[in-house]
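This report refers to the structure that appears directly beneath it.
The values are calculated or read from the model by the stated rules, or taken from the named source; none is laboratory data. Owing to the predicted nature of the structure, the values given are computational and were not obtained by experimental measurement. Cβ sites come from the backbone with ideal geometry, for glycine too, and all protein chains shown count toward neighbours. Just the protein is used for accessible areas: all its heavy atoms, side chains included, with ligands, DNA and RNA removed. Shrake-Rupley method; radii C 1.70, N 1.55, O 1.52, S 1.80 Å.
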Amino acid sequence: MNKIEHIGIAVKELSISIPIFEKILNTPCYKKETVAGEKVNTAFFQVGGSKIELLESSEEDGVIAKFIEKKGEGFHHIAFDVSNITSEVERMKKEGFIFLNETPKDGADNKLVCFLHPKSTNGMLIELCQEKEK
Ligand code: ZN
């Protein structure tokens, strides 16, 4: 694990939360991106070497909408940057962790991502991500 790549925060409305985070962090949102496969609209802020990722559901039945229904807005997941996502998945599987997706898939902000199943992490949603080659 190289560093905390980003922290994901579930929000109802990006249009409300983006200006709040721009003021908190004193930096503009540098990227907005929809990940259609995940039914999510994302917005990114740079904080030193890490990022904040705001997540808004792009559809009523999206995972973020369901998360907010259950738990409200706020902390959603933590993402760790790794150099080789395939070997990290293999290492963690040997440790007994279960993945929501073992095969890396396209995430926001030019990443390959795998999510650990919260049932194997004491309820925490954890994402591994590797920068895609440009
Ligand atoms: Zn994320």
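So here's what we get for this one:
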| read-out | value |
| --- | --- |
| Region 117-134: number of residues that are among the acidic types (Asp, Glu) and either assigned to a loop (DSSP other than H, G, I, E, B) or open to solvent by less than 60 Å² (accessible area, probe 1.4 Å) (or both) | 2 |
| Region 56-85, residues that are among the β-branched types (Val, Ile, Thr) and closer than 14 Å to residue 41 by Cβ | 63, 64, 68 |
| Those residues of region 69-80 which are under 15 Å from the mean Cα position of the chain (by Cα) and either open to solvent by 30 Å² or more (accessible area, probe 1.4 Å) or β-branched (Val, Ile, Thr) (or both), in sequence order | 73, 75, 78, 80 |
| Conditions (1) assigned to a strand (DSSP E or B); (2) farther than 19 Å from residue 6 by Cβ; (3) of a type in the set (Asp, Glu); number of the one not met by residue 33 | (2) |
| Pair list, Cβ under 6 Å, 6 or more apart: region 114-128 residue more than 18 Å from residue 5 (Cβ to Cβ), other residue of a type in the set (Val, Ile, Thr) | 117/98; 120/98 |
| Any hit, region 93-116, residues being of a type in the set (Phe, Trp, Tyr), within 20 Å of residue 35 (Cα to Cα), out of contact with any Cys (no Cβ under 9 Å at 6 or more places or on another chain) and surrounded by fewer than 15 Cβ atoms within 10 Å (Cβ to Cβ) | no |
| Scope region 1-30; condition in contact with a Leu (Cβ under 9 Å, 6 or more places away or on another chain), closer than 19 Å to residue 68 by Cα and either without any contact (Cβ under 8 Å) to a residue 40 or more places away in the chain or not in a loop (DSSP other than H, G, I, E, B) (or both); matching residues | 8, 9, 10, 14, 17, 18, 21 |
| Options 59, 69; residue that is free of Cβ contacts under 8 Å to residues at least 24 places away in the same chain and not in a loop (DSSP other than H, G, I, E, B) | 69 |
| From the options 79, 108, residue that is touching a Ser or Thr at 6+ places or on another chain (Cβ under 7 Å) and closer than 21 Å to residue 58 by Cβ | 108 |
| Of all residues in region 9-66 being within 15 Å of the ligand (Cβ to nearest atom) and of a type in the set (Asp, Glu), the one that is least open to solvent (accessible area, probe 1.4 Å) | 53 |
